[in-house]
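Structure record follows, encoded as structure tokens.
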């Protein structure tokens with residue numbers, strides 16, 4: 001099937017647009033983060049919300065987890081695996097966090113391109129230990145990550161606007 005063989009490339013491109021540019025929904029993740037410095041990233045303008053930095057670490061964790069799930073058995077991310085703590089608030093640490101996010105997305109896109117399109121409708125291996133939201137097919141998981149990233153990019157935009165105007 002020509003269409004099925006192309007699907008993984010299309011999904012990788014969707015994740016690329018959401019992360020790097022030309023996203024349908026508005027600014028891509030890296031575009032939204034372009035003017036954010038370490039002070040803005042660690043600030044908590046909405047007391048009960050995550051910071052931009054925490055969201056970046058969370059998005060990185062999930063990009064890495066989805067890549068791992070494409071290669072091996074699934075298991076849930078728990079606690080600090082899901083929402084890693086900010087351990088240093090220096091400008092260097094912020095730059096490293098942004099580089100890690102970009103790298104995680106690049107590696108994921110490469111893994112998606114190498115993933116067999118015939119497996120997109122397969123259930124995610126080991127999904128029995130996952131929450132109902134995390135269960136499903138590889139196809140649903142990959143599109144879910146794109147939706148996840150768009151959601152969190154929207155949060156970043158709101159937090160940025162609350163601080164930077």
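Read the figures in this text as sums done on the coordinates, not as results from a lab. These figures come from a predicted structure and were not determined experimentally. Cβ placement follows ideal geometry from the backbone for every residue including glycine, while neighbour counts extend to all protein chains displayed.
Helix 52-71: angle to the longest alpha-carbon principal axis of the chain, degrees 0 to 90, nearest 10?
Once rounded, the angle reads 10 degrees.
As an exercise, find the ratio Rg/Rh for the chain from alpha-carbon atoms, using the Kirkwood inverse-distance average for Rh.
Rg/Rh for the chain comes to 0.98.
On a 0 to 90 degree scale, rounded to 10, what angle separates helix 2-20 from the longest Cα axis of the chain?
Rounded to the nearest ten degrees, it is 10.
Once the Cβ-Cβ distance between residue 47 and residue 22 is put in as r, and R0 is 41 Å, what FRET efficiency do you end up with, to the nearest 0.05?
Step by step, r from the Cβ atoms, then E = 0.75.
Compute the long axis of helix 91-114 from its Cα atoms, compare it with the longest principal axis of the Cα atoms of the chain, and write down the angle in degrees, 0 to 90, nearest 10.
Roughly 10 degrees, rounded to the nearest 10.
Tell me, 60, 89 in order of fewest to most beta-carbon neighbours within 10 Å?
Ascending Cβ contact count within 10 Å gives the list 89, 60.
Between residue 35 and residue 114, what is the label-point separation in nm under the 7 Å Cα-to-beta-carbon projection?
Label-label distance for residue 114 and residue 35, simple model: 3.9 nm.
Apply 1/(1 + (r/R0)^6) to the Cβ-Cβ distance of residue 73 and residue 163, taking R0 = 45 Å, and write down the FRET efficiency to the nearest 0.05.
0.65
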